[in-house]
Every structure is written in C-alpha cells, then in structure tokens.
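Since the structure comes first, as structure tokens, the remarks are kept for the end.
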Amino acid sequence: MSEYNREQAEAITIVKDHLKTLSPSALVSLRARIKNYLGFRKDVDRFLRRHFSSLCTETCYQDHYSACCSYEGIITFFADVVINVMVSPDEEVDRLLQVLSLANLGPKCVYLGKRGCLWRVKPMVCEMFLCEPAKRKVFDKEPEAMRTWEKIKHRQKRYTWPNRPVLFDDLESYFIEKGYYSSLMYCHNSPGLLRVKTLAQKRRKTRENP
Ligand code: SF4
C-alpha cells in the first residue's frame with residue numbers, strides 16, 4: 001500500500017472506529033457541529049449543478065477524461081474525512097477502505113469510481129476546484145455567477161482557514177483531545193497553517209490589550 005493510501009486509510013479508520021464508541025447523544029452533538037457546513041456544501045452543489053454540471057459532463061466526464069480527478073494523491077483534510085464518514089453508510093466507508101487497499105494502477109485519483117467520486121461529501125479541495133477553461137466559459141458569459149463564486153470561496157474560508165476558530169481546526173482538536181493523531185490534521189501540523197493561527201492569535205491579543 002502506498003504511503004498516501006495508508007495515511008488515508010488510517011484517517012478513515014480512526015473516524016469510523018471512534019464514531020462506533022459514541023453514545024447517541026454524543027453523536028447528535030458531533031452532528032450538530034457539522035450541520036452548518038453541510039448546508040454550505042448543499043449551496044455549493046446547487047451552484048455547480050446550475051452553472052457547471054452540463055459543461056463538465058460534456059467536455060470531460062463523458063469521454064472519461066475527468067481532468068480534475070486525474071491527480072494521484074489529492075489533498076484531503078482530516079475534517080473532510082470526519083464529515084464524509086459521518087454522513088456515509090458503512091458500506092460506502094468500507095468501499096473507500098477497499099479501494100485504498102488496492103494498487104493504484106493509473107494517474108487518476110484512487111477514489112474515482114466508474115460513476116464518479118466515491119466520497120459522499122467529497123474533499124473541500126475537489127469541491128472548490130474549477131479548471132480555467134470551464135471558469136472562462138461560464139464566467140465570461142455570466143459575470144453574476146463569478147460574483148457568486150467569489151462569495152462561495154469567502155464562505156468556504158470560514159470553515160477551513162484557521163485565522164479564526166473554524167470547523168476544520170475544531171474537528172481536528174476534537175479527535176486530538178480523544179487521543180488520536182493523523183498526518184492529515186493539517187491545521188495542527190502544516191507549518192503554513194500553524195503560522196496563520198499564530199499570527200491571528202497575536203492580532204487578537206493586540207486587539208484585546210492594545
Ligand atoms: S476525491 Fe473524488 S472528486 Fe476528489 S479527485 Fe478523487 S475522485 Fe475526484
């Protein structure tokens with residue numbers, strides 16, 4: 001198993017196993033934490049379906065090119081894994097673990113199945129990726145859609161960019177407090193994101209004690 005697949009499988013297994021230990025009320029409270037984010041993802045899906053779905057299907061998906069899924073080792077945050085495992089039936093989680101256990105034969109993402117992505121709520125990096133030709137085609141004709149997309153990107157940061165308390169950091173902290181660690185906990189181990197957090201903390205302190 002490749003290093004990438006091993007890290008992914010470990011993160012999925014941590015979440016899957018931990019969820020099994022939770023009482024119904026603890027599960028309800030964990031679900032409450034991700035509710036807003038799931039609403040945001042529905043809004044993104046609606047936007048993408050409305051403005052990009054047919055274009056992407058015609059230009060990329062029908063001929064199995066799927067350019068945006070042609071990278072091995074796509075970045076997934078630990079929180080992506082948590083959220084996806086929480087909303088996925090056991091069989092879908094097991095399917096992810098199964099594909100990770102196989103040798104990846106081509107340059108495509110290990111999670112790309114015959115009918116598309118195997119994730120129910122796909123990683124944030126994938127959801128927010130629009131290739132340049134697609135953006136040009138849509139946004140040149142619909143400047144209003146471009147403005148909406150900018151707003152969506154801004155909203156996305158409120159869940160992921162740790163210059164303030166955000167869900168992605170919060171979910172990592174939750175699992176760390178329970179004694180788990182994963183290399184996908186980028187809000188806790190990426191030098192760049194740690195710097196963002198430190199600078200934001202300093203700014204907050206200066207505001208509180210000028
Ligand atoms: S995780 Fe899913 S959406 Fe992202 S690159 Fe892989 S197959 Fe594509």
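The values are calculated or read from the model by the stated rules, or taken from the named source; none is laboratory data. Just so it is clear, the model here is predicted, and its values are computed rather than measured. Positions of Cβ are backbone-derived with ideal geometry, glycine not excepted, and every protein chain shown enters the neighbour counts. Protein only, heavy atoms only, side chains kept; ligands, DNA and RNA dropped before computing areas. Shrake-Rupley method; radii C 1.70, N 1.55, O 1.52, S 1.80 Å.
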*Among the residues of the range 103-117, which ones are modelled with pLDDT of 90 or more and out of contact with any helix residue (DSSP H, G or I) (no Cβ under 6 Å at 6 or more places or on another chain)?*
Tyr111, Cys117
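Test of understanding: among Arg41, Arg46, Arg31, which residue is of a type in the set (Lys, Arg) and over 22 Å from Asp170 (Cα atoms)?
Of Arg41, Arg46, Arg31, the one residue that is of a type in the set (Lys, Arg) and over 22 Å from Asp170 (Cα atoms) is Arg46.
A quick yes/no check of all residues on (1) open to solvent by 80 Å² or more (accessible area, probe 1.4 Å); (2) of a type in the set (Val, Ile, Thr):
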| residue | (1), (2) |
| --- | --- |
| Arg46 | yes, no |
| His51 | no, no |
| Cys60 | no, no |
| Ile75 | yes, yes |
| Phe78 | no, no |
| Val85 | no, yes |
| Glu92 | no, no |
*Which of the residues spanning the range 102-152 are open to solvent by 70 Å² or more (accessible area, probe 1.4 Å) and either small (Gly, Ala, Ser) or in contact with a strand residue (DSSP E or B) (Cβ under 7 Å, 6 or more places away or on another chain) (or both)?*
Ala103
*Candidate set from the range 173-194 (those that are open to solvent by 60 Å² or more (accessible area, probe 1.4 Å) and hydrophobic (A, V, I, L, M, F, W, C)); member that is farthest from Trp161 (Cα to Cα)*: Ile176
*If you scan the range 126-140, which residues turn out to be closer than 17 Å to Ser54 by Cα and part of a helix (DSSP H, G or I)?*
Glu127, Glu132, Pro133, Ala134, Lys135, Arg136, Lys137, Val138, Phe139, Asp140
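Kindly establish whether Ser54 is assigned to a helix (DSSP H, G or I), at pLDDT 95 or above and among the polar types (S, T, N, Q).
Criteria not met by Ser54.
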*asked:* Checking Val81 against (1) in a helix (DSSP H, G or I); (2) farther than 24 Å from Asp170 by Cα; (3) in contact (Cβ under 8 Å) with a residue 40 or more places away in the chain, only one condition comes out false. Which one?
replied: (2)
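Please work out which residue is nearest to the ligand (Cβ to nearest atom), limiting yourself to the range 76-135 and to residues that are farther than 24 Å from Cys60 by Cα and of a type in the set (S, T, N, Q).
Asn84
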*Quick one: which of Arg33, Arg6 is open to solvent by 90 Å² or more (accessible area, probe 1.4 Å), of a type in the set (Lys, Arg) and within 20 Å of the chain's Cα centre (by Cα)?*
Arg33
*Residue list for the range 100-132, restricted to those being within 15 Å of Ala67 (Cβ to Cβ) and among the small types (Gly, Ala, Ser)*: Gly106, Gly116
